[in-house]
Amino acid sequence: MKSTYKEKVVKPPSTAQLTKIAAELGYDLGGADIQEFKDVIDDSLLATYQRFNEIPDPKLPVKYPRTPGYRPTGPKDNPYNAWYCRCDIPGAPNGNLHGKTIAIKDCICVAGVPMMMGSQILEGYIPDVDATVVTRILDAGGHITGKAVCENLCNSGGSFNAATGPVVHPLDETRMTGGSSSGCAALVTGGHVDMAVGADQGGSVRNPAGRCGIVGLKPTLGLIPYTGVVPMEFSLDHVGLMARTVHDVALLLEVTAGSDDGLDYRQPHGLRPETYVNQLTSEISHLRLGLLTEGFSRPQSEPDVDECIKKAAKRLATETRATLQDVSVPMHLDGYQVTSLQKWFAQGLKTRANDLSADYKVTAIKGRYLQSNYNDEFYFKARNLAWKLREVFDEVLTKVDVLIMPTNPKKARPLPPPNISLREYMTCCSENYINTCTFNMTGHPALSINAGVSDGLPVGMMIVGRKFDEATVLNVGYAYEKIRKM
């Protein structure tokens, strides 16, 4: 006779497993105690978690037909090795993005299209939902043409450790694009798409945008819902936008920003996007621009990059009649360490552990050591320091309207040779973040725009503003964009 009982989804723990767990927690339980605990836990697992598993998960909508896509090969079909998967998903027949082609970073769910997130451990995974940003883009008439390569588990600022191979710089294929939204930046820069949507946990949109000479925006924390995007750490995760002009970034922000009806709990109540495009006037004579002293002359900095940004800021102030002044936030120098502490505690994958990238392994080992020996002491300290960091930048932004500094301390670096040392590998992955990561911690909006060229390579200028004041940040970028074209 065929059984009518459903197979157990949650297996009860063995006596040996419970004994080990109790000892790790410091509980002095004898054999009879363990058996009594086991009986209660078994009943709880079967009564609660079995039913819990049977309840259908809520699903994000999939509203538009699409092809499953294919893995491109060869430089013609896969320029710069920047596409992970090419597909064809036309959106609504009209809307603000009608006629625009968009690449989606391969950590953002697009239903029916493979998602690898740059790592072998996710190879073969196909999401069955569209991220909220994907649905909004399609509702606005955008045309999604593929998933762009990202660095291995989005954990690197280089562009060389994705399982599918390095993403090369579109202006010099011997150099790195920067990451982790490496494919997005290369495809936008090369003109293969009009726009791209990435994710930014420490600079992963702004760094490659700055190195490639395009526009990249990390908006205020929560302004664009993160629903349907693979998370790293809830207080660092931002959806970010890329395009070749400030206007197109502002247009894309209008479409993607706004409340997700409670699905992204980080969003403030009643959040409403603005009409950002209409506020691009280039009139900024009333604004106070602040050069952040600690954003320059870092140990990692190239002098020509610093000089390029200072000249660009002076020209912007002179030609727009805005006020320019130096401001100092010493705590900015600690932003990288505080961000790293939070990221360490977010790592914990065990599946196919040997296939993880070296930088991810370093991060996971460091995080496990700190957890094992110091519990969550350093994580909570990082959370407290993040609050303080937000406070000091909120304060300085009462004295100026925006802050200006280099996006990256260096121009695009050469692709590393094979078999480099672990220390060199880590440097290639992490040296880009010293200015950008602070504003993932604080949540302030930050825009990277091309400030000029040095030695034939773009130099990115970062403009940081008050929370939810993307309109001002974009307008300052728009004013500089107009000046550069003169």
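The values are calculated or read from the model by the stated rules, or taken from the named source; none is laboratory data. In this text the structure is predicted, and so the values were computed from the model without any measurement. Cβ sites come from the backbone with ideal geometry, for glycine too, and all protein chains shown count toward neighbours. Note: accessible area is taken over every heavy atom of the protein model, side chains too, but ligands, DNA and RNA are not part of it. Shrake-Rupley method; radii C 1.70, N 1.55, O 1.52, S 1.80 Å.
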Among the residues of segment 123-136, is any part of a strand (DSSP E or B), touching a Leu at 6+ places or on another chain (Cβ under 9 Å) and touching a residue at least 12 places away in the same chain (Cβ under 8 Å)? no
Criterion first (buried (at least 22 other Cβ atoms within 10 Å of the Cβ), over 16 Å from the mean Cα position of the chain (by Cα) and in the same structural domain as residue 108 (by the TED database)) does residue 223 satisfy it? no
Here the residues within segment 163-217 that are in contact with an Asp or Glu (Cβ under 9 Å, 6 or more places away or on another chain), aliphatic (A, V, I, L, M), within 11 Å of residue 150 (Cβ to Cβ) and open to solvent by less than 30 Å² (accessible area, probe 1.4 Å) are 167, 199
Taking the stated definitions as given, is residue 121 β-branched (Val, Ile, Thr), crowded, with 17+ Cβ neighbours inside 10 Å, within 26 Å of residue 253 (Cβ to Cβ) and out of contact with any His (no Cβ under 6 Å at 6 or more places or on another chain)? no
Matching residues in segment 19-45 - criterion: being hydrophobic (A, V, I, L, M, F, W, C) and more than 39 Å from the chain's Cα centre (by Cα): 23, 29, 32, 34, 37, 40, 41
Can you tell me which residue among 239, 305, 230, 249 is at pLDDT below 95, closer than 27 Å to residue 156 by Cα and aliphatic (A, V, I, L, M)? 230
When segment 351-386 is examined, which residues are found to be part of a helix (DSSP H, G or I) and hydrophobic (A, V, I, L, M, F, W, C)? 353, 358, 362, 364, 365, 370, 378, 380, 382, 385, 386
Scope segment 391-402; condition of a type in the set (D, E, K, R) and open to solvent by less than 60 Å² (accessible area, probe 1.4 Å); matching residues: 401
Going by what's in this entry, would residue 149 be described as within 19 Å of residue 72 (Cα to Cα), touching a residue at least 40 places away in the same chain (Cβ under 8 Å), open to solvent by less than 10 Å² (accessible area, probe 1.4 Å) and over 16 Å from the mean Cα position of the chain (by Cα)? no
If you scan segment 403-445, which residues turn out to be open to solvent by 10 Å² or more (accessible area, probe 1.4 Å), assigned to a loop (DSSP other than H, G, I, E, B) and of a type in the set (S, T, N, Q)? 419, 421
Subset of segment 32-65 [modelled with pLDDT under 90, within 30 Å of residue 164 (Cα to Cα) and open to solvent by less than 60 Å² (accessible area, probe 1.4 Å)]: 60
Could you tell me whether residue 363 is at pLDDT below 80, buried (at least 16 other Cβ atoms within 10 Å of the Cβ) and farther than 13 Å from residue 441 by Cα? yes
Exactly one of 452, 456 is touching a residue at least 40 places away in the same chain (Cβ under 8 Å), in contact with a Cys (Cβ under 7 Å, 6 or more places away or on another chain), surrounded by fewer than 24 Cβ atoms within 10 Å (Cβ to Cβ) and not basic (Lys, Arg), and that residue is 452
Do we find that residue 34 is over 30 Å from residue 253 (Cα atoms), assigned to a helix (DSSP H, G or I) and not assigned by the TED database to the domain that holds residue 140 in this structure? yes
Of all residues in segment 74-93 being part of a helix (DSSP H, G or I) and touching a Leu at 6+ places or on another chain (Cβ under 8 Å), which is most open to solvent (accessible area, probe 1.4 Å)? 80
When restricted to 339, 318, the only residue modelled with pLDDT under 85 and of a type in the set (Ser, Thr, Tyr) is 339
